[in-house]
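Peer 1: I am attaching a structure below and will ask some questions about it afterwards.
The values are calculated or read from the model by the stated rules, or taken from the named source; none is laboratory data. It should be emphasised that the depicted structure is a prediction, and the values quoted were computed from it without experimental measurement. Cβ placement follows ideal geometry from the backbone for every residue including glycine, while neighbour counts extend to all protein chains displayed.
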């Protein structure tokens, strides 16, 4: 009986020691996690390489100042040379920017200038088989064709419900394809004038401040930043389209409820000052301008001189607000 009592006492003592060791181990793990979490919270992340200034390198001031000029296309074809697109050493040091630049190579390759001009002109001008366009609309689409979904369909549908005799050109590499034709077929088969055309940036930017900026971008001398380069190019593309052709630009998530017929040289607004009742923030999601309008030239100039690929909105909605502030 004494042996049994001794055995049980030893067993209980061993259990208590094991329990203490277990709690000690748990405490040690918790302390380690706390130390790691503290180090993470108070760690300062220094971006590498350092952010470059927004001005593009070796930008030619001659193309950015002076009297606004209308675009006068050359009769010769301008072909994109994707082989001239080189990545700078900066991009090799920054994986996210390197990926952004690889995507840029795909975005920058486009159709010959004469082909782009001919397709846009043919679509917008009336002929024996096509009626004239009541108004001419532009959209841009930089994503894959399969991403063109319900939201975008609602936008196009609202456009033709309010402007059934208008024309819509979607500037897009991905939708300018057999798959894109199928996507837009619900509109074309009912008689609405809509098409997708791949852009030509050389054609659209020639003889504007964007020309030099764009050439530097192709050479790898412009820091594309962390914001999608496609998104920033879309901001510039819409300006080039309106400056070259005139018309109406709308984003693919805009729903039109009323006619635009009485609007001229107009920009969308998104913020209202309650005290004054004045619009305080413009937005380039909706723009209506005559061909070659001088304010469009100033927008393009501001884009080329102050481009910053690390600030969302800097090259788009905030840009038009800045230029508007400069002129008041």
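Peer 1: Pairs, please: C-beta under 6 Å, at least 6 apart or cross-chain, first residue closer than 12 Å to residue 208 by Cβ and in segment 284-298, second surrounded by 19 or more Cβ atoms within 10 Å (Cβ to Cβ) and modelled with pLDDT of 95 or more?
Peer 2: 296/239; 296/242; 296/243; 296/289
Peer 1: Picking from 285, 275, 269, which residue would you name as being closer than 25 Å to residue 167 by Cα, modelled with pLDDT under 95 and outside any helix (DSSP H, G or I)?
Peer 2: 269
Peer 1: While we're here: Return yes or no: is residue 257 buried (at least 19 other Cβ atoms within 10 Å of the Cβ), out of contact with any strand residue (DSSP E or B) (no Cβ under 7 Å at 6 or more places or on another chain), closer than 22 Å to residue 148 by Cα and in contact (Cβ under 8 Å) with a residue 40 or more places away in the chain?
Peer 2: It is false that residue 257 is buried (at least 19 other Cβ atoms within 10 Å of the Cβ), out of contact with any strand residue (DSSP E or B) (no Cβ under 7 Å at 6 or more places or on another chain), closer than 22 Å to residue 148 by Cα and in contact (Cβ under 8 Å) with a residue 40 or more places away in the chain.
Peer 1: Tell me, yes or no, whether segment 145-155 has at least one residue that is in a loop (DSSP other than H, G, I, E, B), surrounded by fewer than 20 Cβ atoms within 10 Å (Cβ to Cβ) and touching a helix residue (DSSP H, G or I) at 6+ places or on another chain (Cβ under 9 Å).
Peer 2: No, every residue in segment 145-155 fails to be in a loop (DSSP other than H, G, I, E, B), surrounded by fewer than 20 Cβ atoms within 10 Å (Cβ to Cβ) and touching a helix residue (DSSP H, G or I) at 6+ places or on another chain (Cβ under 9 Å).
Peer 1: Which of the residues spanning segment 115-129 are surrounded by fewer than 16 Cβ atoms within 10 Å (Cβ to Cβ) and over 17 Å from residue 181 (Cβ atoms)?
Peer 2: 118, 121, 125, 126, 127, 128, 129
Peer 1: Which ones in segment 262-289 are closer than 17 Å to residue 246 by Cβ, exposed (fewer than 15 other Cβ atoms within 10 Å of the Cβ) and in contact with a helix residue (DSSP H, G or I) (Cβ under 8 Å, 6 or more places away or on another chain)?
Peer 2: 265
Peer 1: Go through (1) buried (at least 18 other Cβ atoms within 10 Å of the Cβ); (2) in a loop (DSSP other than H, G, I, E, B) one by one and return the number of the condition residue 303 breaks.
Peer 2: Single failed check for residue 303: (2).
Peer 1: Can residue 207 be described as surrounded by fewer than 21 Cβ atoms within 10 Å (Cβ to Cβ) and under 19 Å from residue 240 (Cβ atoms)?
Peer 2: In short, yes.
Peer 1: If residue 238 passes every condition in (1) closer than 17 Å to residue 155 by Cβ; (2) touching a residue at least 60 places away in the same chain (Cβ under 8 Å); (3) not in a helix (DSSP H, G or I) but one, which one does it miss?
Peer 2: The number of the failed condition is (3).
Peer 1: Follow-up question, since we're still on this one. Which of the helices (runs of 4 or more DSSP H) contained wholly in segment 163-230 include at least 3 residues that are under 20 Å from the mean Cα position of the chain (by Cα)?
Peer 2: Counting at least 3 such residues, we get 201-205, 210-218.
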